[in-house]
Amino acid sequence: MADEFADIPRLSLPVLKLLRSGAYVSHDDGHYAHLTPFNRVPSEGALQPAFRLWAQVVSRPTDEQAFVNAGKRDAAYDLDLPAAQVVRRADGTEAPADGVTVTGLSDQHGWLRTAAGAVEVGDWVGLGLSHPCTSFDKWQLIPLVEADGTVTDYIRTYF
């Protein structure tokens, strides 16, 4: 892109050449996962999403409803709501988030529709995010995390 910017002819007024795209360096669990041309050749493998947001279950008012401590301030939501992917129990075991759906976001909380027993207060829910650009905009310092949850580094964004 920098080479392309260099080829823009001189304009009558000064112009700041600015690239604000996160999708060219990351992938998501929603919008772009469905559009990408890179899934055409299954033997090459699918692209892996760049983000997973972990939110803790803070309330379970009924068997069908729960609330997590991540909302619009934390999660990309402009194209799709986050998708519940995995549940991590207090003992560290993980299971697919079967029967757990994000139905809405308020400022600081996510609203979940759940099957009975799918989550408990204190569990962590791993959320897949759609539209990585919005994630770069919300998170100026993104932790780089190993599969076991260990933070190994931080990535600073300039979005």
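What residue, among those in segment 5-28 that are modelled with pLDDT of 75 or more and either acidic (Asp, Glu) or surrounded by 10 or more Cβ atoms within 10 Å (Cβ to Cβ) (or both), is farthest from THR157 (Cα to Cα)? Ranking the candidates gives ASP7 first. In segment 7-30, the residues that are assigned to a loop (DSSP other than H, G, I, E, B) and among the hydrophobic types (A, V, I, L, M, F, W, C) reach residues that are loosely packed, with under 10 Cβ neighbours inside 10 Å and modelled with pLDDT of 65 or more with C-beta atoms within less than 6 angstrom, at least six apart or across chains, in these pairs: LEU19/MET1.
Pairs linking a residue in segment 116-137 that is at pLDDT 90 or above and assigned to a loop (DSSP other than H, G, I, E, B) to a residue that is buried (at least 21 other Cβ atoms within 10 Å of the Cβ) and not β-branched (Val, Ile, Thr), with Cβ atoms under 6 Å and 6 or more positions apart or on different chains, are VAL119/ALA66.
The residues of segment 50-73 that are of a type in the set (A, V, I, L, M) and either closer than 15 Å to SER130 by Cβ or out of contact with any Ser or Thr (no Cβ under 7 Å at 6 or more places or on another chain) (or both), listed by number, are ALA50, LEU53, ALA55, VAL57, VAL58, VAL68, ALA70.
Counting just the residues of segment 146-159 that are among the hydrophobic types (A, V, I, L, M, F, W, C) and surrounded by 10 or more Cβ atoms within 10 Å (Cβ to Cβ), which one comes out modelled with the highest pLDDT? Once the filter is applied, the top-ranked residue is ILE155. SER106 passes every criterion in (1) over 15 Å from the mean Cα position of the chain (by Cα); (2) surrounded by 13 or more Cβ atoms within 10 Å (Cβ to Cβ); (3) within 16 Å of GLY71 (Cβ to Cβ) apart from (2). Once segment 46-58 is narrowed to residues that are farther than 11 Å from GLY110 by Cβ and small (Gly, Ala, Ser), the residue that is surrounded by the fewest Cβ atoms within 10 Å (Cβ to Cβ) is ALA46. Filtered by the rule that a residue be small (Gly, Ala, Ser), closer than 17 Å to ARG73 by Cα and surrounded by 20 or more Cβ atoms within 10 Å (Cβ to Cβ), segment 109-128 gives GLY110, GLY128.
For GLU94, the conditions (1) free of Cβ contacts under 8 Å to residues at least 40 places away in the same chain; (2) touching a Lys or Arg at 6+ places or on another chain (Cβ under 9 Å); (3) under 20 Å from SER130 (Cα atoms) are fulfilled apart from (3). Only a single item in (1) assigned to a strand (DSSP E or B); (2) modelled with pLDDT of 95 or more is not met by PRO143, and it is number (2). Anything in segment 47-56 that is out of contact with any His (no Cβ under 9 Å at 6 or more places or on another chain) and free of Cβ contacts under 8 Å to residues at least 40 places away in the same chain? List them, or say none. The answer is none; no residue qualifies.
The values are calculated or read from the model by the stated rules, or taken from the named source; none is laboratory data. In this text the structure is predicted, and so the values were computed from the model without any measurement. Note that each Cβ is placed from the backbone with ideal geometry, even for glycine, and that neighbours are counted across all protein chains shown.
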